[in-house]
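For reference, the structure discussed in these notes is given below.
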Amino acid sequence: MANQFVSQIADIETDFPQWYTDVVVKTKLVDYGPVKGTMVIRPYGYAIWENIQRELDSRFKQAGVENAYFPLLIPMSFMTKEAEHVEGFAPEVAVVTHAGGAKLEEPLVVRPTSETIIGHMMGKWVESWRDLPLRMNQWCNVMRWEKTTRPFLRTSEFLWQEGHSVYATEEEAEQETLNMLHLYEEFAKTVLCMPVLTGRKTEKEKFAGAVATYGMEAMMHDGKSLQSGTTHYMGQNFAKAFGVQFTGKDGVLQHGYTMSYGVSTRLIGALIMTHGDQRGLILPPPVAPVQVVIVPIAAKKEGVLDACHALRERLQKAGLRVKLDDSENSPGWKFNEWEMKGVPVRVELGPRDIENGKMTVFRRDTCEKSELELASAGEELCALLGEISENLYQKAKKRMHERIVNAETLDELLKGVDGGNFVRAGWCGCRECEDRVKEFAQATARVMDGENTAAKCVACGKPSVHTVFFARAY
RNA sequence: CGAGGCGUAGCGCAGUUUGGUAGCGCGCUUGGUUCGGGACCAAGAGGUCGUGGGUUCAAAUCCCGUCGCCUCGACCA
């Protein structure tokens with residue numbers, strides 16, 4: 001009986017994909033949209049995104065990046081200007097052919113990403129070395145007509161931020177590509193409480209039109225990897241395609257160097273799958289829409305609701321996001337509901353607590369109950385939320401590091417990924433070997449390690465050029 | 001696009017083999033008693049059985065077509 005609600009959610013150990021879908025839908029984060037492959041983000045889910053936006057945006061601003069907005073529709077001819085780019089995205093773009101009751105002269109692409117239209121505008125805006133660097137970010141939706149979809153992880157339409165910059169030199173643009181990767185990594189750690197692996201992507205996995213792509217990969221409960229953010233160094237590919245030219249200090253007309261970076265609502269999927277447990281969501285305090293939920297006990301008894309309202313006000317003044325659940329549901333029902341929704345801390349307040357000047361506190365990450373002083377509720381709970389963040393990060397980090405194994409042969413690599421691990425292995429750098437790994441172990445190269453520590457290639461046995469993290473991926 | 005599965009109340013399903021009054025659980029509405037881990041009692045609302053055709057006295061059930069969805073493969077933030 002007590003676990004009736006658990007039966008609503010699939011078993012996290014044995015049925016991970018189903019568990020994920022159950023949690024996302026049953027905790028009312030999203031609903032399915034009428035158009036296949038789209039999702040409706042409900043208020044509770046969107047509040048998580050707003051918190052992610054706020055935290056990330058303040059970091060961008062601090063780094064000197066400004067927000068802008070570019071149009072949803074991109075002329076088809078823009079897409080075809082960069083050869084690799086169009087080839088990479090053509091299979092998944094949605095195209096508008098009619099508008100205003102008539103067929104359009106030139107079809108319009110619903111943006112799958114905005115390199116082309118931003119490149120076009122950069123071409124107009126950049127004239128002199130004094131105009132550089134030009135660093136912009138936009139928060140928007142994009143559309144990629146994927147064949148199979150899953151809420152947050154892969155939907156036809158998704159929300160993201162895409163940052164785009166032009167620099168005068170190769171060194172600056174490359175450096176910015178790495179800086180943003182590190183900004184993402186720090187963000188994942190301190191805001192999402194999520195450890196990640198970062199590094200350069202292989203040629204096969206890189207962004208269409210880029211010179212180099214870097215990725216941030218997070219490990220899910222089942223040992224599969226989820227690409228959670230990417231940064232791209234474009235060299236002069238897009239600058240040449242869109243005429244992004246400037247006159248340098250030396251008076252010479254030259255092309256700029258561009259780079260871009262993005263994270264999407266997929267981050268929400270990542271934190272669900274990183275922290276969640278058998279009871280449902282566990283949301284990291286920095287992004288939780290509700291950080292503390294107050295559940296009154298015996299609400300009709302005199303003074304209980306008053307005490308709850310007073311506590312809520314004090315906690316709000318302390319800067320916490322607080323919800324007082326004064327609905328007619330029974331306390332047990334509320335406990336389970338808010339646990340499933342991942343609220344980090346619950347405060348139970350009843351006649352017994354009030355009489356003793358205490359509050360009963362339940363923390364979602366460990367599911368432990370304790371009593372804290374009502375008088376110092378604000379400070380106590382702020383400290384507890386910090387402790388929960390730290391604990392979530394350390395737990396996830398420990399799990400990730402325990403599940404990174406080394407392999408010297410394809411058999412070892414297969415055994416590793418079958419066991420739900422990331423596999424660190426040597427690679428000679430050729431496409432054939434990368435394909436062979438995928439065919440043999442259904443694992444792809446996620447990112448390359450900073451240094452090459454392996455002796456030989458896991459597939460062909462020739463000397464290793466890169467050490468690569470291989471994993472199955474979402 | 002290849003292979004499998006499923007469409008019956010808001011959600012989850014039974015009923016289909018062997019044709020015969022449209023069912024169950026949860027949820028919802030109203031009233032009452034409850035409230036420290038998904039409470040209980042009573043009364044109630046809610047269905048073109050995905051859809052088109054056929055067989056039959058009679059179709060959720062049998063036959064033919066069609067549409068939609070899900071899972072697994074190839075593509076991907």
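Brief remarks on what is shown
- Rel. contact order, % - alpha carbon contacts under 8 angstrom, at least six apart, the range A:14-162: 25 percent
- Spin-label model, A:Ala310 to A:Leu72: label points 7 Å out along the Cα-to-beta-carbon direction sit 5.1 nm apart.
- Spin-label pair A:Glu127/A:Glu50, simplified geometry with 7 Å Cα→Cβ offset, distance in nm: 4.2 nm
- Paramagnetic reach from A:Glu451 in the range A:414-444 [backbone N under 18 Å; point 7 Å along Cα→Cβ]: A:424-427
- Summing +1 for each Lys or Arg and -1 for each Asp or Glu among the other residues whose beta-carbon sits under 10 angstrom from that of A:Tyr233 gives -1.
- Full extension of the segment from A:Val25 to A:Glu84, taken as 0.36 nm per residue of separation minus the current Cα-Cα distance, would add 17.5 nm.
- Each principal axis of the Cα atoms in the range A:73-190 has its own extent, and those three values, largest first, are 46, 39, 25 angstrom.
- Förster-model FRET efficiency, 25 Å R0, A:Lys147 and A:Arg431, C-beta, rounded to 0.05: 0.60
- Quick note on the range A:377-474: its Rg to Rh ratio, both from C-alpha atoms and Rh being the Kirkwood radius, is 1.21.
- Local electrostatic count at A:His309 - Lys and Arg +1, Asp and Glu -1, tallied over other residues with Cβ under 14 Å: -1
- About its Cα centre, the dipole of chain A is roughly 460 debye, where the only charges are +1 on Lys and Arg Cβ and -1 on Asp and Glu Cβ.
- Residues listed by number, the range A:316-350, amide nitrogen under 15 Å from A:Glu387 label point at 7 Å toward C-beta: A:344-347
- Prolate/oblate/rounded label for the range A:258-343 (Cα gyration tensor, a/c 1.5): oblate
- Ordering A:Arg446, A:Arg472, A:Arg431 from the fewest to the most neighbouring beta carbons within 10 Å gives A:Arg431, A:Arg472, A:Arg446.
- Electrostatic bookkeeping for A:Phe246 treats Lys and Arg as +1 and Asp and Glu as -1; over the other residues with beta carbon under 11 Å from its beta carbon, the sum is 0.
- Vicinal HN-Hα couplings computed from phi for the range A:464-474 (Karplus, 6.51 cos²θ - 1.76 cosθ + 1.60; Hz; Gly/Pro x): 6, 9, 10, 9, 10, 8, 9, 6, 6, 9, 7
- Rounded to 5, percent antiparallel among DSSP beta bridges of the range A:404-471: 70 percent
- Overall Cα dimensions of chain A, principal axis frame, Å, largest first: 79, 56, 48
- Förster radius 22 Å - calculated FRET efficiency between A:Asp15 and A:Lys189 (Cβ-Cβ, nearest 0.05): 0.15
- The stretch between A:Lys301 and A:Asp411, if pulled fully straight at 0.36 nm per residue, gains 33.0 nm over its current Cα-Cα span.
- For A:Tyr257, A:Tyr167, A:Tyr32, order by how many other beta-carbon atoms lie within 10 Å, fewest first: A:Tyr32, A:Tyr167, A:Tyr257
- Compactness of the range A:1-126, expressed as Rg and Dmax over alpha-carbon positions, Å: 20.8, 67
- Sorted by Cβ density within 10 Å, fewest first, the residues A:Phe422, A:Phe238: A:Phe422, A:Phe238
- For chain A, the relative contact order is 13 percent, taking Cα pairs closer than 8 Å that sit 6 or more residues apart in sequence and dividing their mean separation by the residue count.
- Mean residue ellipticity at 222 nm, helices only, chain A: -11000 deg cm²/dmol; runs of at least 4 DSSP H residues each add -39,500 (n - 2.57), and the sum is divided by the number of residues.
- Distant-in-sequence amide contacts of A:Gly429, defined by a placed amide H-H separation under 5 Å and a gap of 5 or more residues or a different chain, comprise A:Val465, A:His466.
- Legend: residue pairs A:Lys26/A:Lys397; A:Lys28/A:Lys341; A:Lys189/A:Lys369, Cα-Cα distance threshold 19 Å; pairs beyond threshold, A:Lys26/A:Lys397; A:Lys189/A:Lys369.
- Judged by the gyration tensor of its Cα atoms, with axes a ≥ b ≥ c, the range A:292-384 is rounded; a/c sits under the 1.5 cut.
- Taken over the Cα atoms of the range A:4-275, the convex hull encloses 140 Å³ per residue.
- Distances between placed amide hydrogens fall under 5 Å for A:Asn452 paired with A:Thr467, all partners being 5 or more residues away or on another chain.
- For a paramagnetic label modelled on A:Lys462 (point 7 Å from Cα along Cα→Cβ), amide N atoms under 12 Å away belong, within the range A:406-443, to A:427-434.
Each value in this text was obtained by applying a stated rule to the coordinates, not by laboratory testing. Computed from a predicted model, the values in this text were never measured in an experiment. Note that each Cβ is placed from the backbone with ideal geometry, even for glycine, and that neighbours are counted across all protein chains shown.
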